[in-house]
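The values are calculated or read from the model by the stated rules, or taken from the named source; none is laboratory data. Just so you know, these numbers come straight off a predicted model, no measurement behind them. All Cβ positions, glycine included, derive from the backbone under ideal geometry; neighbour counts span all protein chains shown.
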Amino acid sequence: MQYKDFGKLGFQTSVFGMGCMRLPEVQTPEGRKVDEAEAIKMIRYALDHGVNYLDTAYGYHDGTSERIVGQALQDGYREKTKLATKLPLWRVETLEDAERIFEEQLTKLQVESVDFYLLHAVKADRWQKVQELKILEFLEELRKAGKIKYIGFSFHDQLEVFKEVIDAYPWDMCQIQLNILDEEFQAGVEGLRYAGTRGIPVVIMEPLKGGKLAQNIPADVLDLWATAPVKRSPVEWAFRWLYNYPEVTVILSGVSSMAQLQENIRIFAEARSHSMTPEELDLVRQVISLYASKTKVPCTECGYCLPCPQEVAIPRIFRHYNEGSIFEQYDESSRHYQELIAKAHDASVCVECGACEQVCPQGIRITEQLKAADQALR
Ligand SMILES: NC(=O)c1ccc[n+]([C@@H]2O[C@H](COP(=O)([O-])OP(=O)(O)OC[C@H]3O[C@@H](n4cnc5c(N)ncnc54)[C@H](OP(=O)(O)O)[C@@H]3O)[C@@H](O)[C@H]2O)c1
């Protein structure tokens with residue numbers, strides 16, 4: 001396992017951190033549930049093989065992830081790892097909510113304190129709530145009381161919001177989504193570098209785009225990867241590309257089987273930071289271009305088209321449409337689209353007023369593309 005300094009906090013963490021949002025599951029009469037025995041075995045295996053960063057959150061696996069992590073951390077395993085969990089801002093309306101949730105988390109995790117406590121999935125509106133409710137002051141009280149050690153946030157919004165949040169507080173760390181297809185999505189590479197210049201360690205989530213870069217890969221993409229002189233799986237290429245950025249501190253990956261966990265531990269034992277050759281980087285660039293060529297709509301999710309008078313979720317619809325096309329399977333995208341239909345934010349409520357097309361910086365013929373997206377996703 002490779003380790004890196006965690007910024008200036010005075011300790012090192014494993015470059016591969018285990019995300020506990022995609023633990024192994026089994027089918028039960030009540031639906032899919034975490035295979036708890038296997039999950040505990042995997043978490044302990046990871047810690048026995050050099051992983052020393054675990055990431056969980058209040059809501060993962062319908063609230064069971066923290067409890068399972070807590071069980072895995074018994075018998076001396078707590079001392080082997082840094083533990084990160086998160087405050088679900090969308091469940092917090094008052095400071096009392098935050099206090100209650102935090103105490104519940106300590107109980108579920110069976111710990112006296114957590115190392116990293118993150119504001120979960122910060123977005124512009126939630127950031128405003130954090131300030132209004134003085135949640136950071138509350139976290140500082142927890143830190144003084146020794147119940148948390150470090151304060152951070154995970155992020156899901158536009159780059160400008162990321163920069164604002166980064167500059168607003170002396171964060172101990174932050175967590176962003178990044179992978180070869182999300183270089184310019186949300187915080188993206190620019191956000192990674194921005195945090196880096198301010199000395200804030202960055203933890204990466206969704207390095208395999210939630211698994212999409214690992215399975216059901218289009219044949220032409222596989223053929224392109226296969227042209228590399230050194231043969232590596234798409235998973236290994238995706239991890240190595242991230243690890244090449246000096247600003248990346250921990251790469252979290254969810255693993256849903258022991259085989260995946262073992263594979264990722266092997267990759268992070270062999271890969272070296274900042275070591276990709278220009279030819280290797282060029283190959284990744286070609287793969288990115290090939291994926292991009294499968295994109296249906298050149299939407300950058302800038303949000304200029306919003307708010308739509310009919311509340312059509314234009315950028316989200318195009319994201320689902322593009323992802324269905326890029327990965328050549330629409331199942332997941334269609335599922336997301338059904339959620340938009342249920343809330344009447346789908347393309348069928350468009351009245352073709354054209355307001356969006358007047359402001360789209362990409363010049364997208366939005367009404368036409370919405371119809372095509374609706375047909376593909378319905
Ligand atoms: N704070 C936030 O807002 C937020 C949001 C997202 C994630 N996170 C955290 O970040 C962690 C990482 O994100 P992620 O779970 O989306 O990571 P990811 O690495 O992008 O996706 C994980 C999935 O990739 C597949 N995979 C992993 N290793 C593999 C291998 N060696 N071979 C083949 N497939 C492999 C598995 O898919 P299958 O299960 O389909 O096989 C696995 O479930 C999460 O677990 C969670 O802790 C936080």
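General remarks:
- Test: residue in the stretch 356-364 that is buried (at least 16 other Cβ atoms within 10 Å of the Cβ) and touching a Leu at 6+ places or on another chain (Cβ under 9 Å): yes
- Those helices (runs of 4 or more DSSP H) lying entirely in the stretch 1-94 with at least 1 residues surrounded by fewer than 20 Cβ atoms within 10 Å (Cβ to Cβ) and more than 22 Å from the chain's Cα centre (by Cα): 36-48, 65-72
- Flag for residue 48 being among the acidic types (Asp, Glu), within 21 Å of residue 260 (Cα to Cα) and within 15 Å of the ligand (Cβ to nearest atom): no
- Filter result for the condition that a residue is of a type in the set (D, E, K, R) and either touching a strand residue (DSSP E or B) at 6+ places or on another chain (Cβ under 7 Å) or within 14 Å of residue 250 (Cα to Cα) (or both), over 75, 5, 62, 48: 5
- Condition met for residue 259 (of a type in the set (A, V, I, L, M), without any contact (Cβ under 8 Å) to a residue 12 or more places away in the chain and within 16 Å of the ligand (Cβ to nearest atom)): yes
- Selected residue [closer than 12 Å to residue 245 by Cβ and assigned by TED's automatic domain parsing to the domain that holds residue 234] from 176, 166: 176
- Tabulated pairs, the stretch 63-77, first more than 13 Å from residue 114 (Cβ to Cβ) and assigned by TED's automatic domain parsing to the domain that holds residue 112, second of a type in the set (D, E, K, R) and not in a helix (DSSP H, G or I), C-beta under 9 angstrom, 6+ apart or interchain: 64/33
- In the stretch 15-37 there is no residue that is modelled with pLDDT of 95 or more, farther than 22 Å from residue 170 by Cα and among the hydroxyl-bearing types (Ser, Thr, Tyr).
- Condition check for residue 152: closer than 23 Å to residue 303 by Cα and surrounded by 18 or more Cβ atoms within 10 Å (Cβ to Cβ): no
- Options 267, 326: the member that is more than 27 Å from residue 157 (Cβ to Cβ), in contact (Cβ under 8 Å) with a residue 24 or more places away in the chain and in contact with a helix residue (DSSP H, G or I) (Cβ under 6 Å, 6 or more places away or on another chain): 267
- Search result, residues across the stretch 224-244 that are within 16 Å of the ligand (Cβ to nearest atom) and touching a helix residue (DSSP H, G or I) at 6+ places or on another chain (Cβ under 6 Å): 225, 234, 236, 239, 241
- Scope the stretch 213-250; condition of a type in the set (Gly, Ala, Ser), assigned to a loop (DSSP other than H, G, I, E, B) and under 20 Å from residue 22 (Cβ atoms); matching residues: 214, 233
- Scope the stretch 251-303; condition in a loop (DSSP other than H, G, I, E, B), within 19 Å of the chain's Cα centre (by Cα) and surrounded by 19 or more Cβ atoms within 10 Å (Cβ to Cβ); matching residues: 255
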